[in-house]
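Take a look at the structure set out below.
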Amino acid sequence: AAMVQKYQSPVRVYKHPFELIMAAYERRFPTCPLIPMFVASDTVNEYKSEDEAIHVIERRCKLDIDAPRLLKKIAGVDYVYFVQKNSLNRRERTLHIEAYNETFSNRVIINEHCCYTVHPDNEDWTCFEQSASLDIKSFFGFESTVEKIAMKQYTSNIKKGKEIIEYYLKQLEEEGITFVPRWTPPVACKLESSTSHTRRPVSPAINIPDSATKEGLNSKEILNTSSSPSEPTAGTPDDKLDADYIKRYLGDLTPMQESCLIRLRQWLQETHKGKIPKDEHILRFLRARDFNIDKAREILCQSLTWRKQHQVDYILDTWNPPQVLQDYYAGGWHHHDKDGRPLYVLRLGQMDTKGLVRALGEEALLRYVLSINEEGLRRCEENTKVFGRPISSWTCLVDLEGLNMRHLWRPGVKALLRIIEVVEANYPETLGRLLILRAPRVFPVLWTLVSPFIDDNTRKKFLIYAGNDYQGPGGLLDYIDKEIIPDFLGGECMCEVPEGGLVPKSLYRTAEELENEDIKLWTETIYQSASVFKGAPHEVLIQIVDASSVITWDFDVCKGDIVFNIFHSKRAPQPPKKDSLGAHSITSPGGNNVQLIDKVWQLGRDYSMVESPLICKEGESVQGSHVTRWPGFYILQWKFHSMPACATTSLPRVDDVLASLQVSSHKCKVMYYTEVIGSEDFRGSMTSLESSHSGFSQLSAATTSSSQSHSSSMISR
């Protein structure tokens, strides 16, 4: 099996002009004592333009790879040859480097691309970026060994790259070279010959005073950065990460970890318009899956969908916890620990979990815990700024004084487990340390109930103290400054955390009241979720009275690939029959799945397709609209995307569903929201939609002609 490894570096910024960096770079050839494996290099090909602005040089480099003797014997080579082609453009101030392997090129494919360019915001600084791919087709059965060796060599060279440039810059400085003049067009140069090598005509040379040249280059600089080939528009902190930013805000990452972060972030930018989490949050998901980019992407997408579904982004601004929580929930934020992590104090022993669950229900409790976690993320960001180093997690101090059998009340423990599960899934790697104090004798019982639900990485961060051990050596003082140890633990700091206590029975609510409360809490979300099975699409009916209305939709594909269709029918579809619903309720517990199009209906006779089908891949967010031409019934359909061969099975749907149930991969999940807007209101609503990044930006085109169906189904890939 071929393995393709990809690498993408952050942007490295040298605070030196391009020309000086080039002078340093050139000193690496023909050999470089700082790279022992770089034994020799010969120039194979060279081209210089007449005005010397363009210089292309191709070298064959001889590398002595540090590999086991045995492997070299089996491979039958001592050295590995690479071809490196450097294209320097002195006018545009760019150097592009392409490298690939010549040895074993039919077994292993290595491609590397590096570029040095001028910093977009400062023409006296230089940016460096590199990307590479390694594809091992076969290697005498030693594929994984070769992969390990290659990755190890490559990452150590990435680290060296910067040191080498800095070493030669220093060497240049010792020789008194601190400035290398920029390229200027030769004065006698005939215009024709120069234009043939350049992309834009050169203005005739006039002697310009120095200060003006700087000005003139500036405007050109702006053009150049964006026109360099195979390079996305020059990076700003918003769309590219630079190495210094990573170190300052995200921490010390290995080259491969940086690469995973950059690639995952790039993927999100392409598929999730306007909903990209902060870099430190993306990194948490990568850490939670040991930087396996596919696994991290999966849990991150699930979490983004969950956040959208439950409007978690707005929880801090819009949700006010009920008074019962403010009075009886014995937890709160309290300064920070010795590492600068925000500190959360929870007096669990003083808290009446049973009373809270009975008075509030699980949902309100969960929601409160989520708002605490959101606040935690905010405080980490704040502390990162204040302490001048990356802080991405918090410390939790749990005081169990007062814990008793009441805390083992089953529904309370169940609620706790569910809350832990939701937090683990959506706030990975946020718990830096958990200090459990004054653990009583019942604690081990509770611990055995809870610990299986906690991920191993997290469990390692737990410290448990019985009785007053926390006051002794290796205790609380190792982790928290003396000045902020709370009063109830014998410290001198007033702690604002509520004392807890028993929730009065008069505040208890019946199961029914709570049920209605819960429904209200979660239906604040405007999205609905639906399950789509092979052979059982999900369909939504929209009745249109006014011919030129606009149907808009916004949906996320949470699992699987689907095809989205919109149909029109003059007659109302039959409401789904009882028996088929019965069957579905077995097959899709809690999954919303409705079919409206009758099996006997024929496309083109009973109903017609008004938009071409749209294939949507897992993880995509899709927004679009359709201007209706006729009144009547419109059906939005989300259908399982299967291979064309079996697209037209005439199996009865219910059996099909039952048959496909054995294979979970036949189930897709979609979260959708639809709305009908009168065409006259449509333009007006544009602005409000656009401002919320909903991605409806291309829709205004849809209103130009309502006499024929216009659509702009935009998919944010």
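The values are calculated or read from the model by the stated rules, or taken from the named source; none is laboratory data. These numbers were taken from a predicted model, which means no experiment stands behind them. Here the Cβ positions follow ideal geometry from the backbone for every residue, glycine too, while neighbour counts run over all protein chains shown. Surface areas here come from the heavy atoms of the whole protein model, side chains and all, with no ligands, DNA or RNA. Shrake-Rupley method; radii C 1.70, N 1.55, O 1.52, S 1.80 Å.
On a 19 Å Cα-Cα criterion, which of the cross-link pairs Lys162/Lys247; Lys338/Lys385; Lys72/Lys162 come out too long?
With Cα atoms farther than 19 Å apart: Lys72/Lys162.
About the Cα centre, and with charges only on the beta carbon of Lys, Arg (+1) and Asp, Glu (-1), how big is the dipole of region 5-175? Nearest 20 debye, please.
Using only the charged Cβ atoms, the result is roughly 880 debye.
May I ask you to give the average projected area over all directions of the convex hull of the Cα atoms of region 243-310, in nm² rounded to one decimal? Spell out each step's value before the answer.
Details: hull surface 18.1 nm².
Over every viewing direction, the Cα hull of region 243-310 projects on average to 4.5 nm².
Count the net charge of all other residues whose Cβ sits under 11 Å from the Cβ of Leu356, scoring Lys and Arg as +1 and Asp and Glu as -1.
Cβ neighbours under 11 Å give a net charge of -1.
At 0.36 nm per residue, and after removing the present C-alpha to C-alpha distance, how many nm does the segment from Glu102 to Leu463 gain when stretched out fully?
Answer, rounded to one decimal: 124.5 nm.
Using a 1.4 Å probe on the protein heavy atoms only, what accessible surface does Thr184 show? Give it in Å² to the nearest 10.
Solvent-accessible area, nearest 10 Å²: 90 Å².
Accessible area of Lys278, 1.4 Å probe, to the nearest 10 Å²?
110 Å²
Between rounded, prolate and oblate, where does region 335-487 land on the alpha carbon gyration tensor, with a ≥ b ≥ c its root eigenvalues, rounded for a/c under 1.5, else prolate if a/b exceeds b/c?
oblate
Starting from the residue with the highest accessible area, list Tyr673, Tyr427 in decreasing order, probe 1.4 Å.
Descending accessible area places them as Tyr673, Tyr427.
Which order, highest average first, do 289-295, 92-98 follow once you tally other Cβ atoms within 10 Å for each residue and take the mean per peptide?
92-98, 289-295
Taking the Cβ-Cβ separation of Ser144 and Leu417 as r and a Förster radius of 45 Å, what is the calculated FRET efficiency to the nearest 0.05?
Once the sixth-power term is evaluated, E becomes 0.70.
Cα-based Rg of region 371-457 per 2.2 N^0.38 Å, rounded to two decimals?
In units of the globular-protein estimate, region 371-457 measures up at 1.25.
Straight distance only, please: which aspartates and glutamates reach the Cα of Lys599 with their own Cα at less than 18 Å, same-chain residues fewer than 8 apart left out?
Within the straight-line cut-off, Lys599 pairs with Glu539, Asp579, Asp655, Asp656.
Of Lys62/Lys152; Lys278/Lys308; Lys354/Lys461; Lys15/Lys148; Lys295/Lys534; Lys295/Lys667, which sit over 22 Å apart, Cα to Cα? Each step should come with its number before you reach the end.
Details: Lys62/Lys152 18 Å; Lys278/Lys308 15 Å; Lys354/Lys461 28 Å; Lys15/Lys148 34 Å; Lys295/Lys534 25 Å; Lys295/Lys667 19 Å.
Flagged as over cut-off: Lys354/Lys461; Lys15/Lys148; Lys295/Lys534.
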